[in-house]
Amino acid sequence: MLNKLAAISRNKLSPNLRKILGNASWLFADKILRTIVNPLIWVWVARYLGAEQLGIYSYALSFISLFEVLSGLGLRTIVIRDIIKEAENKYEIIGTTFALKLIGGICIILLATTAISLNQPANEQIIWLVAVFALSKIFAAFSIINLWFLSQVKSKFSTYAGSIAFIIESFAKIILIVAKAPLIAFAWVFTLESVIRTIALITAYRINKENIKAWRFSFSRAKKMLNQSWLLILAGIANTLYISIDQVMLGNISGAQEVGIYAAAVRFSQLTYFIPAIITGSVFPNLIESKVSNNKSYQDKLQKLYNWMTWASLTLAILTLIVAQPIIDLFYGREYQQSGAIFSIHIWSSLFIFWYHINKDWLVNEGLFKFSLISHTAGAVVNIFLNWLLIPKYGGIGAAIATVISYGIASYFVFFIPLETRVAARMMTLSLIFPFKKIWKIIAIKP
């Protein structure tokens, strides 16, 4: 009976949908592994290091994140789009992107180490942590292979690579805890994970009978890409400011221990963020094709995506309100007790993060690059101002409030301003009432 049902389901699903679901399932499998294992390792590390040392580690990691845009250069969706549309030029697209990302990684090392030396000249430990974290960005250039797998809806191969690196990294952290290793050793393991993932990605790429030696750099292609992405690069700078600046400002204003307490809560809140990244990464290649062939179908699919993403995030947020403090008490212990309240507030940012992942791909697909800069700049300005206003009085709770409000500004409210983006604002608003419309259709009395 089950076999018959499975056969019927397979027959009803279109080839494209089967491919999308298969791709998403591999991504979900990897993220489920990480969702189960990573919090346990993180909690163990947090208990071992204590709030202050965890705060120093998180501060350094957040500081390096401020330069993250130089590693990606806003090219992700552009590269996937171009590989799909220009399959015959894939090696030129991949090779050019690799070169640009490699240059970006080198710039991160130079800029981040210089900036932290000026910001924390007397804190040698933080300077070394930032320098070691920065080294990992060199290997981010090979993430272009992951983009190629995404464009081909073959995420299982990049999932293998990521999972192997993650498992080795997790065992390495356990060994460090048992061996009572110093804080700097955990930063080296972070960089080691990037090296292992790169080796695994190259291996998976070769298994697919693709050749790295075929990659070629094109100056004209690079110029074209940067002309298309420079607004996204500026938007990415603004984006990293309003995503990562909270822990940097918290560390500068309230100290390392407050950062540790905040980071413990945020890490649990961010466990939900993999969901929209996976879904949009798997769905958008198909949406790009739909826009070309049938705009009505494209709009309908986009609205459905907003609907389900909205209520997935709200359900997670409501459930978290109930279990936030017990989870913090159970896993972290008394030293991190204040993390419970921060967790309960910060989780509401997930709604806007879910929307953000749809919006960023939608803006690229619509050619609205300039608006990404506007929305992220608005979010960054609001976040910096609110952090400056709230952190001195409320500490980590103030930073969490600032984060939720700034995410809402950047991912929703500013979309009502330009005429071109109001269609997305309307879809997000409609998604909030989606289940109520369904219920009304069921209970309404028809004449």
Report task. Mind jotting down the distance between the C-alpha centroids of the stretch 381-404 and the stretch 407-426, whole Å? Result -> 23
Query raised in the report: If you roll a 1.4 Å probe over the stretch 189-345 with all protein chains in place, what percent of the accessible area is carbon or sulfur?
Result: 64
Query raised in the report: Reported to two decimal places, what Rg/Rh ratio describes the stretch 57-183 when computed on Cα atoms with Rh from the Kirkwood expression?
Result: 1.05
Report summary line: Expressed in angstrom, Rg and Dmax over the Cα atoms of the stretch 335-409 are 14.4, 48
Query raised in the report: Accessible area of S170, 1.4 Å probe, to the nearest 10 Å²?
Result: 10
Query - Heavy-atom accessible area ranking, 1.4 Å probe, most first, across I36, I212, I342 - result: I36, I212, I342
Report summary line: Given the candidates Q247, I233, V266, the one whose Cα lies deepest towards the positive end of the charge dipole of the stretch 216-374, counting +1 at each Lys or Arg C-beta and -1 at each Asp or Glu C-beta, is I233
Report task. Using only Cα atoms, locate the centre of the stretch 250-267 and the centre of the stretch 357-373, then give the distance between them in Å, rounded to an integer. Result -> 32
Query - Order of exposure, largest accessible area first, which applies to L305, L70, L234 with probe 1.4 Å - result: L234, L70, L305
Report summary line: Along the stretch 184-200, Karplus-curve 3J(HN,Hα) (6.51, -1.76, 1.60; θ = phi - 60°) to the nearest Hz, with x for Gly and Pro, reads 4, 5, 5, 5, 5, 5, 4, 6, 4, 4, 5, 5, 5, 4, 4, 4, 5
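The values are calculated or read from the model by the stated rules, or taken from the named source; none is laboratory data. Keep in mind it's a predicted model, so treat the numbers as computed, not measured. So basically every Cβ, Gly included, is an ideal-geometry build from the backbone, and we count neighbours across all protein chains shown. Remember, those area values only see protein heavy atoms, side chains included, never the ligands or the DNA or RNA. Shrake-Rupley method; radii C 1.70, N 1.55, O 1.52, S 1.80 Å.
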